[in-house]
Each structure stands twice: as structure tokens, then as C-alpha cells.
Amino acid sequence: MASTKTYTAIFVALMALSTTQAAVEWLGLLEENYWPILGVILVLSSLKAMAVAGWFMHLREEPRSVTYVALTGLVGVLALTAGASYSII
């Protein structure tokens, strides 16, 4: 089990990633360069999902097969997000 200091550091990192993602969207960068900025947002979202799954859902201590099932879900979400964003334009 990780310490409170570790969970606090992960929380701060998640807040920083969320703030960065919101700032990118709020500044209107998505309207100017859609595909590169969408890539940045997807990377930030993936990092946040991995941090939550790894530490708060304790996937780091699970057998690798459980981690692969979770990663398969992540790949599916990314594929659906990319497909939905493609149909928007």
C-alpha cells in the first residue's frame, strides 16, 4: 500500500494534467490546429487514466492479465474517441 505522500503527489499530478488539458481547450487552440491538439488532449487523458488505474485502482499490484484487460479497454476508448472526433469535422 502506498503512503499518503504518494497519493498526494499523484493527486497533484492529476490536477496539473487536468488544468493543462482545460487550459488547452479554453485557450481555443483546438479550433486552430484540431488534429495536433486532439493528440495532446488524448495523451493527457491517457496519462490521467493510467495514473488513476495504477495507483487508485491498484492495478500495479494485480496480475498482468488484469492490466492487459484494462489496457484493452483504454485502446477501445481511444479508438471510439478518434472515430467520434473524425465524424465531427
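The values are calculated or read from the model by the stated rules, or taken from the named source; none is laboratory data. Treat the numbers as computed from the prediction; the structure is a model and nothing was measured. Because the Cβ atoms are built from the backbone with ideal geometry, glycine has one as well, and the counts that use them run over all protein chains shown.
Give me the residue from segment 46-60 that is over 18 Å from residue 76 (Cβ atoms) and assigned to a helix (DSSP H, G or I) and, out of that set, farthest from the chain's Cα centre (by Cα).
The selected residue is 60.
Does segment 34-45 hold any residues that are loosely packed, with under 14 Cβ neighbours inside 10 Å, under 12 Å from the mean Cα position of the chain (by Cα) and over 28 Å from residue 2 (Cβ atoms), and which are they?
39
Filter segment 1-33 down to residues that are assigned to a helix (DSSP H, G or I) and of a type in the set (Ser, Thr, Tyr) and give me whichever is farthest from the chain's Cα centre (by Cα).
4
For segment 15-29, give me each residue that is closer than 15 Å to residue 42 by Cα, modelled with pLDDT under 90 and not hydrophobic (A, V, I, L, M, F, W, C).
If the condition is that a residue be closer than 15 Å to residue 42 by Cα, modelled with pLDDT under 90 and not hydrophobic (A, V, I, L, M, F, W, C), then 25 is the only one that fits.
Please verify whether residue 31 is loosely packed, with under 13 Cβ neighbours inside 10 Å and among the charged types (D, E, K, R), treating the condition exactly as stated.
Criteria met by residue 31.
From the set of residues in segment 46-88 that are loosely packed, with under 14 Cβ neighbours inside 10 Å and among the basic types (Lys, Arg), which is farthest from residue 30 (Cα to Cα)?
Selected residue: 64.
Kindly check whether there is at least one residue in segment 63-75 that is touching a Phe, Trp or Tyr at 6+ places or on another chain (Cβ under 9 Å) and either modelled with pLDDT of 85 or more or part of a helix (DSSP H, G or I) (or both).
No, every residue in segment 63-75 fails to be touching a Phe, Trp or Tyr at 6+ places or on another chain (Cβ under 9 Å) and either modelled with pLDDT of 85 or more or part of a helix (DSSP H, G or I) (or both).
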